[in-house]
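Worksheet: one structure, shown below.
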C-alpha cells in the first residue's frame, strides 16, 4: 500500500464541478486496436466497467478506481483517503486480513493499492484463469470491509511509521515542501499521508462517514485488461460488488472537477533544516493541466531537459561538472493545476553552483527552445515508453482506469503516437518560453 505524490494548490477556491452522467445499463465499444477491443458497461447503479481484451496475453489485471483522493479532504480529515486505503485490507465478514493475502499469494498474484491527490486505486494482476478470484477479493474489500475500532488503532501506528519514513527521506521532504510553497495550505498543497497530528486525531466514525460518502458505485470505475471477455467480467463484477446491496438503486449525478483556467501557484522560497548529508533542491514553475493540448509538447520538452542521461541537465550538472549524482526534471498535472520542475541533490558546498547551472539551462531552453536532435530523442523516449509499457496488462488497465475516471477521454495508441510525432520545434520553443519566463518556486532542504 502506498501513495502517489503528484502536484499540489495555493489559497484559491476549490475547482468548479459539473454533473457528469452516462446512460445507465448501457454497453458501448470504445476502441478496436492491436487485434483487441475496449468496451465499457455502465450499470444502473452508475458503476462503470471498462475492459480491454489483449490477444495473446495469459495475465489479467484489474483495478478499482475510486474518485476520491487527498484533495477531497478537509483539514480535520487530512490523510483520511490514505488511511481508508489501508483499512480496506484489514478484513471483511467473509475474509480476514490474512485470508485476503493468502488467497492472492496462493495463485502468484500481485496485489496492492495507492492513494493520489485525485483518486484511490486498488489493483491486482493474476493469471487469466484466476481473474474471478481477484474480482471477488477486491469486491469484498471495497463493499464489505469491517473497519473495526481495533483495526483503526493498529493501522494508525502503521501510518505514523510511514509518515516518519517519508520524513527521513530527503527527496520526499523537499517535494512536499515544494508543493506546500506552490499551493499553500490547501488540499493540493498537503502531503497525501496526512500529518502526525491529523492521523492521531482521526476517529473511526470520521473514517466510516468518509467511506460512506465517497465509496459509491457512481464514483467508481472497474478497469480490466488482458486475456478477458467483457461479458464475463461484467458478470463477475456484478456478483462481487453486490454485497450489502452496494449496487442497489440508481446512480446519482457525479460532480466532475473542472476549471475555466489553471490554478495559480504561489512563488518564492521555502527552506527546511534537516540533518542530512546532502542538500535537496526542487526548483520549478507553474505547469499545465492534465487536459492541456500542449501536454505532448511538454513531454518532449521534459525529456530534453531532464528526462534521461542524454538530457541537458544530466549532462551539464553531472557529466560535465560533477555537481550531483541525481538530477532530473518532472511535470505533474492535475485536472486544474500543474507544475514543471527540476529535482537535484548535492553537497552543501555545491548548492549555489547547482542553482546557477540549473537556472542557466532553464533560461537557455526558455529563450532558444531545443534542437532537432533533442526533438527526435524526446519523441523517441515518449513513444518507446508508451508502447513498451503497454506490453504489460497492468499498464493497460491503468490507462483505461485513469482515462475513464479522470480524463473522461480515451485516445487510441495510434492517436497518442500521432500527437507526439506532430510536436514541432516551434511548439516546444513557445511552450518553454511561456513556462520558464514565470517566477520560480524553490524548496531547499538540508543542513543549516
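Quick one: is residue 63 more than 14 Å from residue 233 (Cβ to Cβ) and not assigned by TED's automatic domain parsing to the domain that holds residue 389? Considered against the rule, which asks whether it is more than 14 Å from residue 233 (Cβ to Cβ) and not assigned by TED's automatic domain parsing to the domain that holds residue 389, residue 63 comes out as no.
Could you tell me whether any residue of the range 146-168 is under 27 Å from residue 336 (Cβ atoms) and either in contact with a strand residue (DSSP E or B) (Cβ under 8 Å, 6 or more places away or on another chain) or in contact (Cβ under 8 Å) with a residue 60 or more places away in the chain (or both)? Checked the range 146-168: no residue is under 27 Å from residue 336 (Cβ atoms) and either in contact with a strand residue (DSSP E or B) (Cβ under 8 Å, 6 or more places away or on another chain) or in contact (Cβ under 8 Å) with a residue 60 or more places away in the chain (or both).
Applying the set (1) buried (at least 18 other Cβ atoms within 10 Å of the Cβ); (2) at pLDDT below 95 to residue 291 leaves exactly one unmet item: (1).
Within the range 430-447, being part of a helix (DSSP H, G or I) and either without any contact (Cβ under 8 Å) to a residue 40 or more places away in the chain or surrounded by fewer than 19 Cβ atoms within 10 Å (Cβ to Cβ) (or both) holds for 430, 433, 434. Just so you know, in the range 393-413 the residues that are touching a residue at least 40 places away in the same chain (Cβ under 8 Å) and not in a helix (DSSP H, G or I) include one that is nearest to residue 221 (Cα to Cα), and it is 408. All of (1) in a loop (DSSP other than H, G, I, E, B); (2) surrounded by 18 or more Cβ atoms within 10 Å (Cβ to Cβ) hold for residue 305 with one exception: (1). Just one of the numbered conditions (1) in contact with a strand residue (DSSP E or B) (Cβ under 9 Å, 6 or more places away or on another chain); (2) modelled with pLDDT under 95 is not true of residue 185: (1). Right, residue 311: closer than 30 Å to residue 406 by Cβ and without any contact (Cβ under 8 Å) to a residue 24 or more places away in the chain or not? Yes: the conditions hold for residue 311.
Please enumerate the residues belonging to the range 358-373 that are under 23 Å from residue 326 (Cα atoms) and in a helix (DSSP H, G or I). The answer is 358, 359, 360, 361, 362, 363, 364, 365, 366.
The values are calculated or read from the model by the stated rules, or taken from the named source; none is laboratory data. Just so you know, these numbers come straight off a predicted model, no measurement behind them. Every residue, glycine as well, gets a Cβ built from its backbone with ideal geometry; the counts of neighbours run over all protein chains shown.
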